[in-house]
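Below is one structure, written out as structure tokens; comments come after it.
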Amino acid sequence: MKTKVYIDGSEGTTGLRINERFEGRDDIEILRISSELRKDPEERKKFINASDVTFLCLPDAAAIEAVSLVEKDNDHTVIIDASTAHRTEEGWAYGLPELGKDFRERIKTGNRIAVPGCYASGFAMDVYPMISEGLIGNDYPVCVNALSGYSGAGKKAIALYEGEGKTQDLYAPRMYALSQKHKHLKEMKAISNLARTPLFVPVVDDYYSGMIVTFPVYTDLMKKKATPAEVRECFAEFFEGEEFIHVMPLGAEEELNSFFAANAMSGRDDVLIYITGNEERILISSIFDNLGKGASGAAIQCMNIRLGLEQSTGLKLGN
């Protein structure tokens, strides 16, 4: 029997990518709402409750409304929310199973799953192992830098970058969220159990997709001082057996002439993690596709886990 899937917000960037990923899958039946009724609450309610899985690819307010449309006696519909609305809400699984058995089990058994933000995914993969393995305390003054392609900024930004009359500033990297109030900060702090809100420096650049998130660490501020080799070993053990995350060998950056390209994983759903630096200052860098492991790929992975399928079904991983 096919799994009935409804995508609420199917015309947005993430919704379109989820639709594309289901092409050719014979185990999925897409429930398609008529275009003129896609914002009608009663019609959406009908589709949500008829589905086995509903993906919410919506602004926060619309995602919250969508959850309210689930009927009280409906215990079969799994909601997978790609918005910011429920990522730190009680009763919702956080959709990054690689963070540990508890995260994976909540996804496997839950009917409410929140897909992490793209930046927050990289942040958690860089910071969470350092805290959970005792290398830094949760009071460490975390500052993370990130570079992303413009697709993560949504349809309006894509139109600006790809449209006629493109202004000169759009050809250069642009730093933003200068008020330190980026919408991903709440989950960054909560999921990694940080005592203080981290400093976060996001930059958007003139390429379509892919991102790099980097956490710099002073070794003399670590709870347990370690060399790059020891930190790399810690990450390799933490993510051992995880097919979506590849912890690269120490020194692997030399094969790239010691340059990291933020679009290196564009079009893929897995992640590369590099540990670089020296005995005084270490850099932990995760490279992935903001539209893949940072959005639609993560959403599909969560659905596969929840349905008891091979988690990489329909996704593109490296060798």
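Here, each number is a calculation from the coordinates, and none is a lab measurement. Computed from a predicted model, the values in this text were never measured in an experiment. For neighbour counting, all protein chains shown are included, and Cβ atoms are generated from backbone atoms with ideal geometry for every residue, glycine included.
Kindly establish whether Arg106 is closer than 26 Å to Arg268 by Cβ and charged (D, E, K, R).
Working: closer than 26 Å to Arg268 by Cβ: yes; charged (D, E, K, R): yes.
It is true that Arg106 is closer than 26 Å to Arg268 by Cβ and charged (D, E, K, R).
Of the residues making up the range 256-313, those that are in a strand (DSSP E or B), crowded, with 23+ Cβ neighbours inside 10 Å and free of Cβ contacts under 8 Å to residues at least 60 places away in the same chain are Tyr274, Ile275. Residues in the range 47-61 that are small (Gly, Ala, Ser) and within 12 Å of Asp75 (Cα to Cα): Ala50, Ser51.
If you scan the range 40-60, which residues turn out to be without any contact (Cβ under 8 Å) to a residue 12 or more places away in the chain and farther than 26 Å from Leu307 by Cα?
The answer is Asp40, Glu42.
Mind checking whether some residue in the range 21-33 is assigned to a helix (DSSP H, G or I), touching a Gly at 6+ places or on another chain (Cβ under 6 Å) and crowded, with 19+ Cβ neighbours inside 10 Å? Yes, the range 21-33 contains at least one residue that is assigned to a helix (DSSP H, G or I), touching a Gly at 6+ places or on another chain (Cβ under 6 Å) and crowded, with 19+ Cβ neighbours inside 10 Å. Arg87 passes every criterion in (1) closer than 27 Å to Glu243 by Cα; (2) out of contact with any strand residue (DSSP E or B) (no Cβ under 6 Å at 6 or more places or on another chain); (3) assigned to a loop (DSSP other than H, G, I, E, B) apart from (2). Residues that are free of Cβ contacts under 8 Å to residues at least 40 places away in the same chain and in a loop (DSSP other than H, G, I, E, B) within the range 235-255 comprise Glu240, Gly241, Met248, Pro249, Leu250, Gly251, listed in sequence order.
Just so you know, in the range 179-226 the residues that are surrounded by fewer than 21 Cβ atoms within 10 Å (Cβ to Cβ) and of a type in the set (Phe, Trp, Tyr) include one that is nearest to Ala261 (Cα to Cα), and it is Tyr207. Taking the numbered list (1) surrounded by fewer than 20 Cβ atoms within 10 Å (Cβ to Cβ); (2) at negative phi in turn, Gly91 passes all entries but (2). Scanning the range 25-37 for residues that are touching a residue at least 24 places away in the same chain (Cβ under 8 Å) and either in contact with a Phe, Trp or Tyr (Cβ under 8 Å, 6 or more places away or on another chain) or under 29 Å from Ser266 (Cβ atoms) (or both) returns Arg25, Asp26, Asp27, Ile28, Ile30, Leu31, Ile33.
Out of the range 34-61, which residues are under 17 Å from Ala82 (Cα atoms), surrounded by fewer than 17 Cβ atoms within 10 Å (Cβ to Cβ) and not charged (D, E, K, R)? Those that are under 17 Å from Ala82 (Cα atoms), surrounded by fewer than 17 Cβ atoms within 10 Å (Cβ to Cβ) and not charged (D, E, K, R): Pro59, Ala61.
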